[in-house]
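Notes follow the structure.
Please treat every number below as a calculation from the coordinates, not as lab data. Please read all numbers here as calculations on a predicted model, not as lab measurements. For neighbour counting, all protein chains shown are included, and Cβ atoms are generated from backbone atoms with ideal geometry for every residue, glycine included.
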Amino acid sequence: MSEAKNPQADHPLPEDQQAIDPAAFDADGKQIYFPTRAQGTPTRVYIPMEEKQRRRITLYITIVAIAFVVIPFLFWRGTWFGRQLPDAELEMYLNDSSQPRHVQHALVQISERIERGDTSVQRWYPQVAALASHAVPELRVTLAFVLGADPKSELFHDTLVKLLADSDVLAKRNAALSLVRFNDPAGLEVIRSMFQPTVVKSNAAGTVRYRAQMDSGVEEGTVM
């Protein structure tokens, strides 16, 4: 019996139109072509080289476009404290000492729930007050603000009085302002000092040159 021949084998298509299974290549980098069957007849599927390139470029553009959307969203989600936290996640954030921003997020959420009259957050009051000794100043600044949310809590009141002696200026000032909600004048001197020039002490002798310009805003960590 004679073997049937594929009529297309004797008449190959031009090289720029030969493309089956674009992902298949041999050891020399040449593309491998496989016959397929369509309706029981041996045949080949041909994809022009230009079509392959268009598909590859479209894929790259799609990946970049998705990255431009996903990366900012993940950054916003990780830095915005307004996202509501379920109780289990809130407690996890509150105890995550390795991520101060997680702790800050939990504190802000607790403060908002206190303002809404949610008494269930009182079970976290001891953990919240214990953060007054945290090593990160920014966290203590947030804490001093949050403690003023419940002016009926003696624990919060005592913690704010301790924060009046904090080494961080902003934490001390927030504590003084929060004590106003407790009708406690203990922070009065600190509040008055907010309207006075601030003394910046140097730990070495030398000539002072200011990097900050006149009337420019000075934030936490600004090099003056």
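For the stretch 113-166, applying the loop criterion from DSSP together with a ceiling of 16 other beta carbons within 10 Å to the trypsin sites (Lys or Arg not before Pro) yields 116, 152. The peptide list 200-206, 188-194, 62-68, 89-95, put in order of mean Cβ contacts within 10 Å with the highest first, becomes 89-95, 188-194, 62-68, 200-206. Under the shape rule built on the C-alpha gyration tensor, where the axes satisfy a ≥ b ≥ c, the stretch 83-193 is oblate, since a/c reaches at least 1.5 while a/b does not exceed b/c.
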